[in-house]
1. Taking H placed 1.01 Å from N in the peptide plane, check which residues at least 5 places from Leu63 or on another chain put their amide H under 5 Å from its amide H.
2. Using a Debye calculation, one point per C-alpha and no hydration shell, please list log10 I(q)/I(0) for the chain at q = 0.11, 0.18, 0.19 Å⁻¹ in order.
3. Could you work out how much longer the chain between Val34 and Phe151 gets when fully extended? Use 0.36 nm per residue separation minus the Cα distance between them, nm to one decimal.
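Just so it is clear, none of the values below were taken in a lab; they were calculated from the coordinates. Bear in mind the structure is a predicted one, so any value in this text is a computation, not a measurement.
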Amino acid sequence: MMVTPQGPRLVEFNVRFGDPECQVLMVRLESDIVPYLPAAATGTLASPSPPIWSESVVLCVVLAVRGYPGEPETGSAIIGAEADFGPNVMVFHASTARREDGALIAAGGRALNVCARGETLRLARDRAYGAIEKICWPESFFRRDIGWRGFSG
C-alpha cells in the first residue's frame, strides 16, 4: 500500500511467508494454519472453519545489512536476535545463517523482521523498536519511521 495525494493505492501483493506483509498476518492468526495449507492447494479452502484473527495491531520492522538493496555486505554477526522478547514480539529470520562456530550471521539483504503486537499501534511500535534495541548488530540498518502516519496528534 502506498499513500498518495489521491488516497491509498495498492502497489503489490506480498503473501509469501518470508514477506513482512505476510508475517504480520501470521502473528495475528490465532487458528492453526496447517488445515488451510492443503485446502488451499487442493481448491477446498471453503471446507475448514473460517480462521480466527486477533484484534491486535501488528507492526513489522525489517533489519537489513549495509549495502542493501544493492550489494549486501553479508557475514556480520548478529547477537541477541534469538532472545525471548516475550509473547508479543516475534523475530523472523529472513536471511540468516550459522557460521561453523555457531554464531548467527547475516546471509543476505533483509536479514531479520521484528514483528510486535499490541492493543494500539503505538504499543506495537514501541515493542518492536524495544526488541530491536536489544539486538546487537552494528552492521545493520532499519527504518525508524514505521507506523508514524497512524499516530494522531
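1. Correct list: Ala111, Leu112, Asn113, Val114.
2. Reported log10 I(q)/I(0), two decimals: -0.52, -1.17, -1.24.
3. Numbers: separation 117, 0.36 × 117 = 42.12 nm, distance 3.52 nm.
Extra length from Val34 to Phe151 when fully extended: 38.6 nm.
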